[in-house]
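These notes are about the structure you will find just below.
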Amino acid sequence: INVVLCKQWYQRRVRGELSGEPGASSWLNARPLQDLGHELNLQEFIDAIRLRYSFHFPDLGGKCGCGEKNNSDHALICKLGGFDIWRHDHLRDTFAGILQYAGLKPVEIEKQLLPCEGFNLPHSANTQDDARMDIVCRGLWSKMEAAYLDVRVFHPNAPSYIRQPISNLYKNHTNQKKLAYLKRVIEVEQGSFTPLVFATTGGFAPEVNSVLNKVAHIISTKHKESYPETMSFIRQKTRFSLLRSTLVALRGTKRRISQMPLEEIDFRNV
């Protein structure tokens, strides 16, 4: 009985709470324009619908290359293949592009943070010399202040998250980012820090919504566009970036491939 109740609760959560979050459905309302990257092929569209409503993937059976049983949830948390990193980087670059379109300059990606030796930072802070920030720009919150933004994407249907409310997951991931970087950015970099926490299902933390609202206001003012239309476009842009990279991870190859070292290849006979 407990198993049945847990499964029913899980299905209600996926179909209701997660798919009903602001921005999660924006890809369904977008026109399939190839120039904007808003097109999906038939397989991608079917997979997106299955993910949205937690339908079974009959062709994702068997075992993953890592040895675990394969299904849609495992495919989106498996580290093999580096698809989680690619998903993060793709969303980061999309967000940086939106900031550039808003006229924020300069927009930097993977900027190395200043050394923090001699500063009294909490034990939870990332004090590594090679620590980097995903996105840094000026003019987001105030004209000359540097805004530091760091992206995180998590899968809310991972086994370790399944019993937690989505609001708690956003809060926990946001707090983890703040513990690692907030004090360092404020005291060493003299800037502001905002975590950009997204779920693979399309939702995002409240801090992300604050950034989206601010960017939409800047773009609508700069380009003399309607604020609601601008906000809709930004949500669609970020949603498609996350959706497409999630779909790639879903069906990407996760097999361990043995390759002949390049130094052993006779290129004259290739």
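Points to keep in mind about this one:
- All distinct Cα pairs of the stretch 104-165 go into the 1/r average, and the inverse of that average, the Kirkwood radius, is 14.3 Å.
- Here the sum of -39500 (n - 2.57) over DSSP H runs of 4 or more residues, divided by the residues of the chain, equals -13000 deg cm²/dmol at 222 nm, to the nearest 500.
- Computed with a 1.4 Å probe over protein heavy atoms only, the accessible surface of the chain comes to 56 Å² per residue.
- Rounded to 5, the percent of DSSP beta bridges in the chain classed as antiparallel: 55
- Of interest is the spacing of the C-alpha centroids, which for the stretch 87-163 and the stretch 198-238 amounts to 17 Å.
- Extension gain for residue 141-residue 186 works out to 14.8 nm (0.36 nm per residue, less the C-alpha to C-alpha distance).
- With at most 15 other Cβ atoms within 10 Å, longest stretch of the chain clear of loop trypsin sites (Lys or Arg not before Pro) (DSSP): 1-78
- Principal semi-axes of the equivalent ellipsoid, √(5λ) from the alpha carbon gyration tensor of the chain, are 31, 26, 22 Å from largest down.
- Solvent-accessible area, 1.4 Å probe, carbon plus sulfur percent, for the chain: 52
- Listed cross-link partners 111/237; 143/214; 105/143 are compared with a 21 Å cut-off, the Cα-Cα value being larger for 111/237.
- Between residue 130 and residue 164, the FRET efficiency estimated from the beta carbon spacing at R0 = 25 angstrom works out to 0.20.
- Area of residue 66 that stays accessible when all protein chains are in place (1.4 Å probe, Å², to 10): 50
- For the stretch 111-134, backbone nitrogen atoms closer than 20 Å to the point 7 Å from residue 175 Cα along Cα-to-C-beta are found at 122-126.
- Positive-end residue of 127, 78, 98, charge dipole of the stretch 66-135 with Cβ unit charges: 98
- Histogram of C-alpha separations across the stretch 123-222, 10 Å bin width, %: 14, 43, 31, 11, 1
The values are calculated or read from the model by the stated rules, or taken from the named source; none is laboratory data. Fair warning: this is a prediction, and the values are worked out from it, not measured in the lab. Cβ: placed from backbone, ideal geometry, glycine included. Neighbour counts: every protein chain shown. Surface accessibility is based on the protein's heavy atoms, side chains included, excluding ligands, DNA and RNA. Shrake-Rupley method; radii C 1.70, N 1.55, O 1.52, S 1.80 Å.
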